[in-house]
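Participant: One structure, as structure tokens, below. Some questions next.
The values are calculated or read from the model by the stated rules, or taken from the named source; none is laboratory data. Just so it is clear, the model here is predicted, and its values are computed rather than measured. A quick note on method: Cβ atoms are made from the backbone with ideal geometry, for glycine too, and the neighbour counts reach across all protein chains shown.
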Amino acid sequence: MSLNPRRIEDIRKFWESHPVAASAIPHPLGTPEYFQCYDRLREANESVAFSYRLHEYREFSSRRVLDIGCGNGYVLSKYALEGAQVYGVDITQTALDLCSRRFVLLGSDGSLCQGNAEELPFKEAMFDCVCSMGVLHHTPSPARAVEEIFRVLKPQGRFIVMMYHRNSALFRFTFSVRSALTGKPTSELVDEVDGPGNPKGDVYSKGELRRLLNRFGDLQLFVGLLQREMLWSKVGSVLPDWLLRMGEPHVGWFLYAKCIKP
Ligand SMILES: C[S@@+](CC[C@H](N)C(=O)[O-])C[C@H]1O[C@@H](n2cnc3c(N)ncnc32)[C@H](O)[C@@H]1O
């Protein structure tokens, strides 16, 4: 884990000019084609069926849901479409503009505000569910963010999170090989997963995530996402599909947790 927390301002600046996956989308930001392309890319990593099983969107109809680091609103809009009262926080205005545009295109409603996961602009015990997908490993103090999430959740409220996985084939194998070949530390390779210049990325083992979430109960952990391109090419090109599918729930890149505030 990072020993030197980076300044939140550097993190904000990076994401302001690098909205998630935008570099892979050949359409102007915020157009219907942009969202269609983003959703296709995202659903290649995480199927719609899995997303519905993980979030159980319908359970939160008429209830209050907060998405921290909501990005362009892919997840938040699904809660909204199922009837939740949704709140999105992101550290960048770019993400909030995209999220708001997605909501307009869908005819949905939500409350969006710029803010930092580590200092949430909400009263305590406001939410039935908080989620944060692919965000907390980018913030200087994930532990502080988790304290804030605990504070704003109602008792019996649910928290869902995705972090990058330390015991993944990408980190343990491919990044080790790449580091040995290039001399770049593996921590720098993790920082760069979402684009060169990203001031902070991090990886968590199941044990590390369990410790981070130790105030929560009913913890469930899942691992997903193993793609051929995540393996060093000499191995990735010869591995059969069935072996990739078998390895995915063990050495995939996404580590998910779902838990309850007691
Ligand atoms: C990899 S993207 C994930 C976006 C979205 N959760 C998704 O699943 O598509 C990370 C997002 O987290 C936001 N972010 C990073 N650090 C943050 C912080 N400390 N507080 C709030 N948002 C943050 C970034 O601006 C960016 O939109």
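Participant: Quickly run through the stretch 33-57 and pick out the residues that are within 13 Å of the ligand (Cβ to nearest atom) and over 17 Å from the mean Cα position of the chain (by Cα).
Facilitator: Correct list: Phe35 only.
Participant: Next up: Criterion first (among the hydroxyl-bearing types (Ser, Thr, Tyr) and under 15 Å from the mean Cα position of the chain (by Cα)) does Ser61 satisfy it?
Facilitator: no
Participant: So, in the stretch 1-17, how many residues would count as being at pLDDT 90 or above, more than 10 Å from the ligand (Cβ to nearest atom) and closer than 21 Å to Val203 by Cβ?
Facilitator: 1
Participant: How many residues does the stretch 212-238 contain that are surrounded by fewer than 13 Cβ atoms within 10 Å (Cβ to Cβ) and closer than 14 Å to Tyr256 by Cα?
Facilitator: Looking only at that region, the number is 2.
Participant: State which residue is nearest to the ligand (Cβ to nearest atom) when the search covers only the stretch 18-32 and only residues that are at pLDDT 90 or above and surrounded by 12 or more Cβ atoms within 10 Å (Cβ to Cβ).
Facilitator: Of everything passing the filter in the stretch 18-32, Pro19 is nearest to the ligand (Cβ to nearest atom).
Participant: Another question, then. Within the stretch 87-117, how many residues turn out to be away from the ligand (no atom under 12 Å from the Cβ), in contact (Cβ under 8 Å) with a residue 12 or more places away in the chain and in a helix (DSSP H, G or I)?
Facilitator: 5
Participant: Working only within the stretch 130-158, note down all residues that are away from the ligand (no atom under 14 Å from the Cβ) and crowded, with 20+ Cβ neighbours inside 10 Å.
Facilitator: Leu153, Gly157, Arg158
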